[in-house]
Amino acid sequence: MQRKFTILLLLAVLLSACLPTGQSQQDVDSIVNTVVAQTMEANARIQEAVNQTLTAQAPLATATLEFTATPEPTFEPLIIITDTPFPTLTNTNVPFVPQSQSQQQPTAQPYSCYVETRFPAYREEIKAGSNFEIRWFVKNTGTRTWDAGVDLKYASGVKMTTAERVEIKNALAPGEIYKISITGKAPKNSGVQQMTWIVEGKLCYANVVIIIK
């Protein structure tokens, strides 16, 4: 700054020396002041130009990059669905193994029988108080022959006959059948009625089941 003032002072002295003789001191000071002012204005413009140049040449400021922490991604567990094969069916059938003859059939009893009721039919409707025929077929299913005189006797149920015993007069060999026919009388009570007889000593029964209307 002091150097610039010295230069301006020298310029003022030179100008005052160059001015024509005969001018007043006042005019000289005015001229010097004008020159000084113009010189200072020029220097200010030069300084401004220098500052603009320096600003232009200054390196560009490096942009500061800000990093935002990114949260770590979360993952849902992956569920894999696969087709489940159908179970293989295994044949679990047990092969048939023939049994011996003794295992297939129970041992035949020496004395046994079977009675088939031929009439009346099972749960046949019969008028109350009326007479009807009873027919039984007795078969010897045992291994021994029956002697003549085996009895078929009343055992239980509604008594629908006047007789209580019927004699099988003939001997019956295994497999033979004896026919019995007697007269029955329907009871007066309505509904299902049953009467049971038994072949004495031979483990079989003869039944009558009717519906009284």
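The values are calculated or read from the model by the stated rules, or taken from the named source; none is laboratory data. Keep in mind that what you see is a predicted model, and the values were worked out from it rather than measured. Virtual Cβ from ideal backbone geometry, glycine too; neighbours counted across all protein chains shown.
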Residue among A121, A155 that is modelled with pLDDT of 55 or more, within 19 Å of Y205 (Cβ to Cβ), assigned to a loop (DSSP other than H, G, I, E, B) and among the hydrophobic types (A, V, I, L, M, F, W, C)
A121
Any residue in the range 191-203 that is in the same structural domain as R123 (by TED's automatic domain parsing) sitting within a Cβ distance under 8 Å of a residue that is exposed (fewer than 13 other Cβ atoms within 10 Å of the Cβ)? List the pairs, counting only those 6 or more apart or interchain.
V192/R123; M195/S156; T196/S156
So the check is Cβ under 7 Å with 6+ separation or different chains; which pairs have a first residue in the range 104-118 that's exposed (fewer than 15 other Cβ atoms within 10 Å of the Cβ) and assigned to a loop (DSSP other than H, G, I, E, B) and a second one that's modelled with pLDDT of 80 or more and not aromatic (F, W, Y)?
A108/G142; A108/T143; Q109/G142; P110/G142; P110/T143; P110/R144
